[in-house]
Structure formats: C-alpha cells, structure tokens
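The next block holds one structure in the form of structure tokens; read it before the comments.
The values are calculated or read from the model by the stated rules, or taken from the named source; none is laboratory data. As the structure is a computational prediction, the values presented were derived from the model and not from experiment. In this analysis, Cβ positions are derived from the backbone assuming ideal geometry, glycine residues included, and neighbour counts consider all displayed protein chains.
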C-alpha cells in the first residue's frame, strides 16, 4: 500500500519556525528521540510561547509550511484559541502539533527553565524539553500504552545523570 503522506522532514519544520523567530519548546516523541529514545515518529510537537507577537509569527510560519487542519475544520490556526486545545496539523514536511499547555505542565515558561538547545544538523538547534519534563508530561497523561516508553525515558534520565551529562 502506498503511503500518501509527505516525507517527514523535522529539521525543515523546525528551521521554518526558527526563521520566523517563533519561541517554542519541542516536546513529544521527537523530543524523546533527540534525547536517545528508541521510537519512530512522523511529527513534531511544540509548545509555543503564547505572547501575541510570538503567536503572530507562528501563524506566518504555518502559512509557509502549508499547514492544514487534520480534523477538517476550516480554520487551521486561531491564535486566540491556542491555549484551549492542542492543534494538530499536516504540513508539506510532516505532522505538526501545537500544544500550549501540555498535561503536567504550566506551558512554555514552565518547560523553558530546563530545556536545552540541541544541535540536530543543518544549523538547526531547537529548544528541547528536558528528559525529566518529558517524563512528567507522559506520566500526567496516564496512558497505559505509554508505560514502557515512560520506563525507557526514566532509564535515559538515569544514564544521563550517571554519566555526568547534567546540563
């Protein structure tokens, strides 16, 4: 069966956000992969700063990415409602999910304190949520399917601490 989805290019998605100066933190499966988790994903999840100017820049970046609503709604992105619910989008470069306040957090400012800039290649260095914050978000969701991933994430955190990789 042919896969009709566009090729996933997270570096170009993140580079587009950077080019538009969108303040954001990478979370979710892609963030866990950056930290060394053995997962496969086709999307990038981000927590943007909800300051009005940042949301305006995010809207411009989404236009450049040709973002389309995944749930069939006409409005792709409404900056006024970003704090109310996660926005799941398809872009020409893969899936993009915008989450203003992930479970177990208070949003961008909460995650920013422990996030680190990670060099991913091609000059892309996004802020990525810490392993501890990723574990906190996953635990808060309380999904049975996430238990093994949560254990693996906690092992990664222990390894980092044990190797003196504290940041």
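Considering only residues in the stretch 135-145 that are part of a helix (DSSP H, G or I) and over 29 Å from residue 18 (Cβ atoms), the one that is nearest to the chain's Cα centre (by Cα) turns out to be 139. Answer yes if at least one residue in the stretch 150-167 is at pLDDT below 95, in contact with a helix residue (DSSP H, G or I) (Cβ under 9 Å, 6 or more places away or on another chain) and closer than 22 Å to residue 8 by Cβ, and no otherwise. Taking every residue of the stretch 150-167 in turn, at least one turns out to be at pLDDT below 95, in contact with a helix residue (DSSP H, G or I) (Cβ under 9 Å, 6 or more places away or on another chain) and closer than 22 Å to residue 8 by Cβ. Look at (1) touching a helix residue (DSSP H, G or I) at 6+ places or on another chain (Cβ under 9 Å); (2) surrounded by 13 or more Cβ atoms within 10 Å (Cβ to Cβ); (3) farther than 16 Å from residue 102 by Cα; (4) in contact (Cβ under 8 Å) with a residue 24 or more places away in the chain and you find that residue 11 fails only one, number (1). A search for C-beta distances below 7 Å between a residue of the stretch 107-132 that is on the phi > 0 side of the Ramachandran plot and modelled with pLDDT of 95 or more and any residue that is assigned to a strand (DSSP E or B) and surrounded by 14 or more Cβ atoms within 10 Å (Cβ to Cβ), counting only pairs 6+ apart in sequence or on different chains, returns 107/47.
For residue 76, the conditions (1) farther than 26 Å from residue 7 by Cα; (2) at pLDDT below 95; (3) touching a helix residue (DSSP H, G or I) at 6+ places or on another chain (Cβ under 8 Å) all hold with the exception of (1).
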